[in-house]
Amino acid sequence: MSSLRLEIEQSMGLKFPEKNGAALVKFEESLEIPRAAETLMRGLYRDPERVRQGFKRLHQETGSMIELLMPRRSRLREWSDDLPERPKDAEAFLKETTDQLRVKEQRLVQAGQDLLGQLQESGLEDIFPVSLSAFGVCSHRDPSVKLYLKPLGRFAEINQINPELLRQAVRVHFLCLLLIIAGEDLDGQVFARGVEEEATHWLTTLYTIRYLKLQSAELVHGYLEWVKAWGGKIPNQTMLNDRVCEKTRTAMIFWRRHLNISWAECWHIVNQFESESAQDLEIN
């Protein structure tokens with residue numbers, strides 16, 4: 001974890017506060033299930049018990065149909081070799097069978113339709129978006145990060161993502177987030193922005209993608225699916241090139257140092273300064 005922390009510090013141009021040469025950051029991976037993750041842990045079914053009962057009912061109705069058909073199938077096979085002595089016996093048998101089949105078929109079809117309706121009511125739209133706090137929380141006071149492994153595992157299972165790769169990506173995300181809200185600038189000054197600010201999460205996502213792109217495409221894919229799950233905004237591709245990267249870092253440092261200025265204003269100021277600098281170069 002220490003090597004990962006150092007790599008992320010270097011990529012962002014920020015660092016965690018230190019004491020006696022050791023970074024003051026606590027990173028915990030917990031098996032707790034936070035309240036925000038309860039819907040996710042429930043899975044894709046809106047009412048799992050009701051769906052289970054639906055399958056149980058359909059199984060019973062199917063069994064009832066089979067119990068009716070099996071002995072009658074044997075009788076029909078006998079008559080296919082040797083006709084019944086009296087046609088009236090066969091007529092009564094077929095009428096009784098038809099009446100019973102009609103009733104059981106109606107029950108079977110109804111059970112199937114009810115279960116189908118329950119399945120159609122269940123799906124991803126019942127789960128997502130889920131709160132980011134379902135997967136982890138961080139605090140600038142300690143500073144600390146706590147990841148919730150079970151919700152991450154359930155998300156990976158639902159979306160068929162490698163769970164270990166997802167955990168790696170999410171670790172990077174929360175370390176980037178913690179650096180933004182509690183890290184020091186390279187001159188040792190500490191500035192903190194609110195963890196709930198939209199720009200905080202957007203910048204975190206941007207820096208996480210930049211880091212993961214150097215690792216593997218599979219890491220990036222799983223990470224982007226996870227970001228969508230909690231409603232995060234994904235930066236456009238132009239924000240990932242090297243030239244914009246340096247400009248973003250400048251704007252981020254300026255933004256962290258001026259709590260009364262929004263990210264949009266900081267970005268505008270940096271762009272304006274860049275434009276004026278370019279004009280000065282042209283004049284000179």
Cβ pairs under 6 Å, 6+ apart or interchain, first in region 258-282 and in the same structural domain as E246 (by TED's automatic domain parsing) and at pLDDT 70 or above, second of a type outside the set (K, R) and surrounded by 13 or more Cβ atoms within 10 Å (Cβ to Cβ), ordered by first then second residue, are W263/A199; W263/W255; C266/A251; C266/F254; C266/W255; W267/A251; V270/T250; V270/A251
Starting from region 10-31, take each residue that is over 26 Å from A134 (Cα atoms) and list its partners that are modelled with pLDDT of 75 or more and part of a strand (DSSP E or B), counting only C-beta distances under 6 angstrom and pairs at least six apart or across chains.
K15/E184; P17/E184
Over region 83-100, the set of residues surrounded by 13 or more Cβ atoms within 10 Å (Cβ to Cβ) and outside any helix (DSSP H, G or I) is P84
Kindly indicate whether any position in region 79-93 is under 30 Å from W255 (Cβ atoms) and out of contact with any Gly (no Cβ under 9 Å at 6 or more places or on another chain).
no
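One line per residue, one yes/no per condition, for (1) over 30 Å from H59 (Cβ atoms); (2) modelled with pLDDT of 90 or more:
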{"residue": "R102", "(1), (2)": "no, yes"}
{"residue": "Q118", "(1), (2)": "no, no"}
{"residue": "L124", "(1), (2)": "no, no"}
{"residue": "F128", "(1), (2)": "yes, no"}
{"residue": "H140", "(1), (2)": "yes, no"}
{"residue": "S144", "(1), (2)": "yes, no"}
{"residue": "L147", "(1), (2)": "yes, yes"}
{"residue": "L152", "(1), (2)": "yes, yes"}
{"residue": "E164", "(1), (2)": "yes, yes"}
Matching entry among S74, S64, S2 (being of a type in the set (G, A, S) and touching a helix residue (DSSP H, G or I) at 6+ places or on another chain (Cβ under 8 Å))
S64
Scan region 12-40 for residues that are at negative phi, at pLDDT below 85 and not in a strand (DSSP E or B) and report the count.
5
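The values are calculated or read from the model by the stated rules, or taken from the named source; none is laboratory data. On a predicted model such as this, the values are computed, not experimentally measured, just so you know. Glycine also receives a Cβ, built like all others from the backbone with ideal geometry; neighbour counts cover every protein chain displayed.
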